[in-house]
Amino acid sequence: MVTRSLGRLAANILRRITQCNTAEPTVHRACGLRPRHLHTSAQRRAPADATARSTVPKPSTTRSRQIRNARAVPVSFLIGGSLLASIVALSQYRPPDNPDLNNTLPTPSTDSRDPSLPRYRLADIRKHDASSSEPWVTFEDKVYNITDWVAAHPGGDVILRAAGAGIEPYWDIFTIHKAPHVREILEQYLIGYIDQADLDADGRPPAEAVEDPFVNDPDRDSRLITHTAKPRNAEPPNEELDRTFLTPNELFYIRHHMWVPAVDEAKANEHALTVELPDGETRRYTLEELKTRFPTHKVTAVLQCSGNRRNDMTRHAGKTNGLQWGVGAISNAEWEGVRLSDVLADAGLQVADATAPTQKALSAPPSNNKADANALHVQFTGLEAYGASIPLVKALDPRGDVLLAFGMNGKPLPKDHGFPLRAVVPGHVAARSVKWLSKIVISDEESTSQWQRRDYKAFGPNEGANPDWDRARSIQEMPVTSAITGVWVGDCVRKGRVPWMAVKGIDEDNAQAPSPSRIVDMAAVEKKVGFTPKSSANTSPEPAQQQQQQQQQSHCSEKTPAEPIALQGYAYSGGGRAIARVDVSLDGGRTWDQAELVDDCTPAEGQAGCFGNKSWAWKRWRYTGHLPVLSPLPSGQTPLAHSGGSDCDDEEGRRSSQSKKHCTTLIVKATDDAYNTQPESHRGIYNVRGNLATAWHRVKICPKCTDNGDGKGVVWSTGETYGCGFKKEAKEVRDAMLRQGAGPAAAGK
Ligand code: MTE
């Protein structure tokens, strides 16, 4: 055993010397011996071949210290010594068969693999799971002893998830491992092959022998639109998205990069959070301690993925890599937890007051030996190894409202949303609100995770498919955006099918109706649409209206009248900036009007209003008006088939040149209180990752002739959103959207 360990140690030392002298990305970095927290600015500067380097996650901080400690001695000890020769000899040593295992030598006739290496049965491999002192993994038909790799593994102990079984399901998730140099590293730990008796005809272990990393994932609401099942990525349908100000927990969008970690609910209060300060000191808190020792705060805040509306960018500007989200990678909730700044102060963090960045550049470093808050970052790590960071100044901002949250909409955090503890960073991209939070490190560099260094960045439209990943800044505060989530036209408006119009003496029992203080100004609605909307449940149409409806149902006329329309949606800006205005156009941007902003933040009966120091929640808006006169599409044509510029104004600015205008484009754009507003088109903000797709949101709608049973009539359709009469096509578009997002490229982004 001693000889064997020596052999492995020698092989590792030799390998690391070789690797430290090569430009091989991950290992090169792991060989560095610099102190972790105080990197020099030169070290921070991106290397020339940084694009390649950043594709592999860097070592986790604690782990990297262990690696350095382990390496510092042998590297200096070995240089130039004749010991090298003996180490070379030792490195060629092959471990003897493990007498504890029933491994067999191959039968040459059936097994053409290297006969000098032993064969292992799957049952024996399973004994080398995460609890074993010698964890093994399999890849294809090979067996690897990864004992030494665990310490050097850039992703920390996550590799142990695979111990005792196949590593493939994990590499399917962490696709960056599917690179030749990672295979080369793994090959160095090869100890044998899976016994032929445990292999299928294709030379691989049977599917049922491969463990599913997602076994602990919870059940989800069937209304969610699922982009990928494993890991689960799903958004609420438009009709549910902003029906209520606070998105119900079960409909809140889900964005996972991996599996949902298993946490024993009965022992949730024992969940531990480690806080590590710049000097390396650590402090450990249980959830129980966080809940009892610190004041609890509530914050009403949106979480929004940087990929929200990516599908818009794809459709209007070009192919993007990533999940093809619609307008629902955003949701709003009331979070409850303790302030991160309180916990950091308790842990003993001492920093000089943050200054404005420009002053910082001019002034001398703080003289009181306290670390400079401007230069530090809060790195968060989740139980399943996801990691991200925010600047420390955001965490310390007394108005920044960064929470360590354990409650969501008055309930414990659901498993999908971080149970039992998550960071909530209001106003920032949700990628920084790390779920299943287990560790916080205050460091002078950003999190080294790929989600900080690579995925959540945006680029110039000139950068195309190969942007400079390292030069681009990580996304933090979000820009202003908005979306149309519901459209009602013609009879749907007249018959009172718009939920927020079905109030005011007409349908007060309607459970969906907002409280009276939140309804739209009905007098204004009446003035705009020319009539009082009627409840569909208890009102029969006025005789004149009845006649008009019958006419519409029985005859597909050349032109529609200027039909009443109602729209609803959300607007949101990052950084706590309030929404100042929402502009709506019903004619492709030729003319504009303003939407009514729903006052969800003023406390009303049964409603708590909003919590927090800034505008972290979304602003819901409503609009009513009249459409331009349009010519119905011939029966059988769909607006999808009719996409392009000939009938509508589109993002490319193409205007209708035809005498008959079949469709019109509804547009919404929002402006925040800093007068930031949304760009007109996605072409000007195109980036290959499809991040921050915030251009004006457009929904094309078209009347079309249809067979209505007893004759021809007009129906309104849109390929793009939910609304009265639109559901079927909205589904078609969703399906198309999911198809567009399908495939391995989508899963990892
Ligand atoms: N935290 C962990 N631990 N793992 C993750 O995969 N995803 C991030 C962030 N925090 C993620 C995470 C991303 S990209 C987003 S958009 C939000 O969580 C989504 O939060 P939600 O699923 O609660 O909506």
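The values are calculated or read from the model by the stated rules, or taken from the named source; none is laboratory data. None of the values given here were measured: they were computed from a predicted structure. Cβ coordinates were reconstructed from backbone atoms using ideal geometry, including for glycine residues, and neighbour counts include every protein chain displayed.
When only residues in the range 414-428 that are part of a loop (DSSP other than H, G, I, E, B) and farther than 10 Å from Gly337 by Cα count, which is nearest to the ligand (Cβ to nearest atom)? Out of the qualifying residues, it is Gly418.
Applying the set (1) under 25 Å from Ala268 (Cβ atoms); (2) at pLDDT 95 or above; (3) within 11 Å of the ligand (Cβ to nearest atom); (4) aliphatic (A, V, I, L, M) to Ala385 leaves exactly one unmet item: (2).
When residues of the range 292-306 are filtered for being touching a residue at least 40 places away in the same chain (Cβ under 8 Å), not basic (Lys, Arg) and not in a loop (DSSP other than H, G, I, E, B), how many remain? Write out each step before concluding.
Initial filter on the range 292-306 (touching a residue at least 40 places away in the same chain (Cβ under 8 Å)): 293-306.
Subsequent filtering for residues that are not basic (Lys, Arg) retains 294-297, 299-306.
Keeping just the survivors that are not in a loop (DSSP other than H, G, I, E, B) gives 296-297, 299-304.
Of the residues in that region, 8 qualify.
Could you figure out which of (1) in contact with a Ser or Thr (Cβ under 9 Å, 6 or more places away or on another chain); (2) surrounded by 24 or more Cβ atoms within 10 Å (Cβ to Cβ); (3) under 24 Å from Pro278 (Cα atoms) isn't true of Ala430? Condition not satisfied by Ala430: (3). If you go through the range 280-319 and keep only what is charged (D, E, K, R) and away from the ligand (no atom under 16 Å from the Cβ), you end up with Glu281, Arg283, Arg284, Glu288, Glu289, Lys291, Arg293, Lys298, Asp312, Arg315, Lys319.
Ala395 meets each of the listed conditions (1) without any contact (Cβ under 8 Å) to a residue 60 or more places away in the chain; (2) within 12 Å of the ligand (Cβ to nearest atom) apart from (2).
Could we say that Gly322 is more than 30 Å from Ala608 (Cβ to Cβ), out of contact with any Ser or Thr (no Cβ under 7 Å at 6 or more places or on another chain) and within 13 Å of the ligand (Cβ to nearest atom) here? Here the answer is yes, as Gly322 does meet what is asked. Selection within the range 280-321: residues that are among the β-branched types (Val, Ile, Thr) and touching a helix residue (DSSP H, G or I) at 6+ places or on another chain (Cβ under 7 Å). The member of this set that is surrounded by the most Cβ atoms within 10 Å (Cβ to Cβ) is Thr320. From the list Ala197, Ala162, the lone residue that is in contact with a Phe, Trp or Tyr (Cβ under 6 Å, 6 or more places away or on another chain) and modelled with pLDDT under 95 is Ala162.
Residue count for the range 429-477 under the criterion of being away from the ligand (no atom under 11 Å from the Cβ) and among the aliphatic types (A, V, I, L, M): the result is 6. The condition (being within 17 Å of Asp416 (Cβ to Cβ) and out of contact with any Phe, Trp or Tyr (no Cβ under 7 Å at 6 or more places or on another chain)) is satisfied by just one residue among Glu281, Glu265, Glu270, Glu288: Glu265. In this structure, Leu277 does not satisfy being under 30 Å from Cys601 (Cβ atoms), surrounded by fewer than 22 Cβ atoms within 10 Å (Cβ to Cβ) and in contact with a strand residue (DSSP E or B) (Cβ under 8 Å, 6 or more places away or on another chain).
Condition check: among the aliphatic types (A, V, I, L, M), more than 22 Å from Pro679 (Cβ to Cβ) and in a strand (DSSP E or B). Does Ile442 satisfy that? Against the criterion (among the aliphatic types (A, V, I, L, M), more than 22 Å from Pro679 (Cβ to Cβ) and in a strand (DSSP E or B)), Ile442 qualifies. Residues of the range 218-227 that are surrounded by fewer than 18 Cβ atoms within 10 Å (Cβ to Cβ) and either within 12 Å of the ligand (Cβ to nearest atom) or in a loop (DSSP other than H, G, I, E, B) (or both): Pro218, Asp219, Arg220, Asp221, Ser222, Arg223.
On the stretch given as the range 238-279, residues that are in a helix (DSSP H, G or I), of a type outside the set (A, V, I, L, M, F, W, C) and within 13 Å of the ligand (Cβ to nearest atom) total 2. Taking the criterion of being crowded, with 24+ Cβ neighbours inside 10 Å, part of a loop (DSSP other than H, G, I, E, B) and within 16 Å of the ligand (Cβ to nearest atom), the residues of the range 398-413 that qualify are Val402, Leu413. Evaluation of Val215 against the conditions (1) under 30 Å from Ser116 (Cβ atoms); (2) part of a loop (DSSP other than H, G, I, E, B); (3) aliphatic (A, V, I, L, M) shows that the sole unmet condition is (1).
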